Structures are given as C-alpha cells and as structure tokens.
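Trainee: Could you have a look at this structure, given as structure tokens, before my questions?
The values are calculated or read from the model by the stated rules, or taken from the named source; none is laboratory data. All values reported here derive from a predicted model rather than from experimental measurement. Glycine also receives a Cβ, built like all others from the backbone with ideal geometry; neighbour counts cover every protein chain displayed.
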Amino acid sequence: MVSLIKSVTTQAVSMGLLALVLLAPAVASAQYYTLSDHPGYYWGKDAPPPEEEETPAKQSPPQAAKQDPMKDEPKKYEWEAREELRFVEFTPQQVWDMKPKEFNALFDAFKEQSVWRPTESHVHDTYAMIDIARRKASAYTNVQQMVVNKYPEVSTERDYPTAVPGKEANRISKTQEVTSRVATASNDYGLFYFFKPGCPFCEAEEKILKYFVASRHFNVQPINVQENPGMAAQFGITITPSLVLVKRGNETPIPISYGVIALDELETRVFNGVRLYEGQTTPEQYGVREYERGGAFDPTAPLHR
C-alpha cells in the first residue's frame, strides 16, 4: 500500500512538472500580449501608429501683387482727371489743334459719358465733337484737291481718267499698243497649248484660241497631255487647259494661264511676256504699259525723278 502511494505520488509530481513545462510557453506568450507594447487587436490594445517624420512645409511661390481694377490708370491728358467733361471748357482752337490721338481719345470720352449719362448737355457735347471732326475732314479734302491739281505727279487723273472721253482714249491707247506688239512678235514667239480630250474647259478655250490665231496670226501648238505626258511633266503642267509662252532659241518658258482665259486677257499676258523676254520691262513693272511709264501706276517712277 505504501509502495502504491509512493508510486501515485511520484506520478503526480511527474505530471505536475510536465504540466509546468507545457504551460510555460503559454504563460510566457500570455505575458507577452499583456505586457508588450504591441498586444494586438484582440487584446483591445491596437498598436500606436508609427510616428510620422515632420517634413518641411512647401513654400508657395510669391504671388504678384493684385492690381486694383478700380485704381485709375495713369492719365495721359490733362482733361482725363476731370470728373465731368464739358465741351464749353475747351476752346474751338484748342480742339482743332489737337493731334489725332488726343482728339480721338477726347471724342471717345465724350461719347462714353453721353451713353453713360444721356443728358441733354452730354449728348450735345458729343455732337459738338462730331461737328469739329466733320469740318476737319472737309478741310483735309479741300487741301488734298488743291495738292493734286498743283502737283500732277501725285495724281492719277492722267493715267486713270474718270470722264467718258478720257476712258475711251485710254482704252484705244492700250488696245493699239497690245495688238501691234503681239502681231510683231508672232515670228519669234508661240504658245504651247496643253489640253486633254473630253475636257469641257479645253473645248471652251479652243474657240478663243482659234479667233486669236486668225486675228493675230500667232503660232499656237496643241499638245495632248495623254499622248505626251513627258512634255507635260517637263513644263510642270498639271491642269488643262494650260498655255505657255515660248521664244525661238530660248529654253526658258513663261506660263501664261491655267484654265479658261478670255481673249483680251490672253493678249495682255502675251504682251507682258514678250516685253519681259525682250528686257523691255521688269517683274516690278510687269503690268505697266509704255504710255504709263513714269506715271501714277508705275511703281518705280519715284526712283527715277
């Protein structure tokens, strides 16, 4: 019996020691969660958030000083500082002698004042300014007429008459010069006429060319672009009908027209091209007639006075 008790006691002690050994990690773990600074969510003690490092605040760029929209702009003229403009405070001579910029500024000020406060006096002052502007324009026109009569080199009356007899004389001079020059050039000059079968514009131009050949005896050589694509490419032809002026023995062509061109314009362009070939004109004077040289429509005339 005694031995049995000893045996049981020994076993109990052994089991107790074993329990302590097994419970030691659990106790230690429990103590970790209760004593630790980071026990966890289920223990009701969330870990404190990590401390954020302080970063220097970004400095915003300096802002430009705001302008007060109500602040008056610098005054350019003395009268701009007045609270109310009155026409009677200006003498007629003072307004008459104003330079255009100041006059326009004063007129705009009167007009804005009359629209802002449309009283009888304000509207009257605006019309007083209009009256002076009208008279100043009339004075300029009168002086301009006198200058044109006194200095004919600045007038266009001779080269561009407005009277019916003058217009007819101008037309006759132009026609005679063009017609005679084109007729004398027919021996050394000719036209390449580029066309395409079935082109309605080419058919319209052919009627004009037939009359041009018959009346001016000018040489015109038709060229079918479908049969002669190489020649069309050589002259840079991409549109039909096209006309190119050529001179015998000269490899430099002068394009005359692309598309349908009227008879009178055709003669004029041939005339200008022949004169350019002959060195009788320059690109700057390309459209100037001989009788217009030195006149109002000659752009280089002032250079030769």
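Trainee: Within the range 273-294, can you find the residues that are within 34 Å of the chain's Cα centre (by Cα) and in contact (Cβ under 8 Å) with a residue 24 or more places away in the chain?
Mentor: 273
Trainee: Across the range 250-272, what is the total count of residues that are in contact (Cβ under 8 Å) with a residue 24 or more places away in the chain, over 33 Å from the mean Cα position of the chain (by Cα) and farther than 22 Å from residue 288 by Cβ?
Mentor: 2
Trainee: While we're looking at this one, here's another question. Of everything in the range 231-289 that's in contact with a Gly (Cβ under 8 Å, 6 or more places away or on another chain) and among the aliphatic types (A, V, I, L, M), which residue is farthest from residue 221 (Cα to Cα)?
Mentor: The qualifying residue farthest from residue 221 (Cα to Cα) is 239.
Trainee: Please state which one of 267, 284, 292, 251 is surrounded by 14 or more Cβ atoms within 10 Å (Cβ to Cβ), more than 21 Å from residue 202 (Cβ to Cβ) and either of a type in the set (Asp, Glu) or at pLDDT 90 or above (or both).
Mentor: Of the residues listed, the single one that is surrounded by 14 or more Cβ atoms within 10 Å (Cβ to Cβ), more than 21 Å from residue 202 (Cβ to Cβ) and either of a type in the set (Asp, Glu) or at pLDDT 90 or above (or both) is 292.
Trainee: Which pairs have Cβ atoms under 7 Å, sit 6 or more apart or on different chains, and link a residue in the range 145-173 that is closer than 22 Å to residue 303 by Cβ to one that is outside any helix (DSSP H, G or I)?
Mentor: Listed pairs, sorted by first residue: 148/155; 152/158; 155/296; 156/296; 158/295; 159/295; 159/296; 159/297.
Trainee: Right, residue 228: modelled with pLDDT of 90 or more and under 36 Å from the mean Cα position of the chain (by Cα) or not?
Mentor: Considered against the rule, which asks whether it is modelled with pLDDT of 90 or more and under 36 Å from the mean Cα position of the chain (by Cα), residue 228 comes out as no.
Trainee: Right, next: Being exposed (fewer than 11 other Cβ atoms within 10 Å of the Cβ) and of a type in the set (Ser, Thr, Tyr) is true for just one of 140, 160. Which residue is that?
Mentor: From the options 140, 160, the qualifying one is 140.
Trainee: Given the conditions (1) closer than 19 Å to residue 245 by Cβ; (2) in contact (Cβ under 8 Å) with a residue 60 or more places away in the chain; (3) in contact with a Phe, Trp or Tyr (Cβ under 7 Å, 6 or more places away or on another chain), and given that residue 185 satisfies all but one, which numbered condition is not satisfied?
Mentor: Failed condition: (3).
A quick yes/no check of all residues on (1) hydrophobic (A, V, I, L, M, F, W, C); (2) out of contact with any Phe, Trp or Tyr (no Cβ under 7 Å at 6 or more places or on another chain); (3) surrounded by 16 or more Cβ atoms within 10 Å (Cβ to Cβ):
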| position | (1), (2), (3) |
| --- | --- |
| 245 | yes, no, yes |
| 263 | yes, no, no |
| 271 | yes, yes, yes |
| 276 | yes, no, yes |
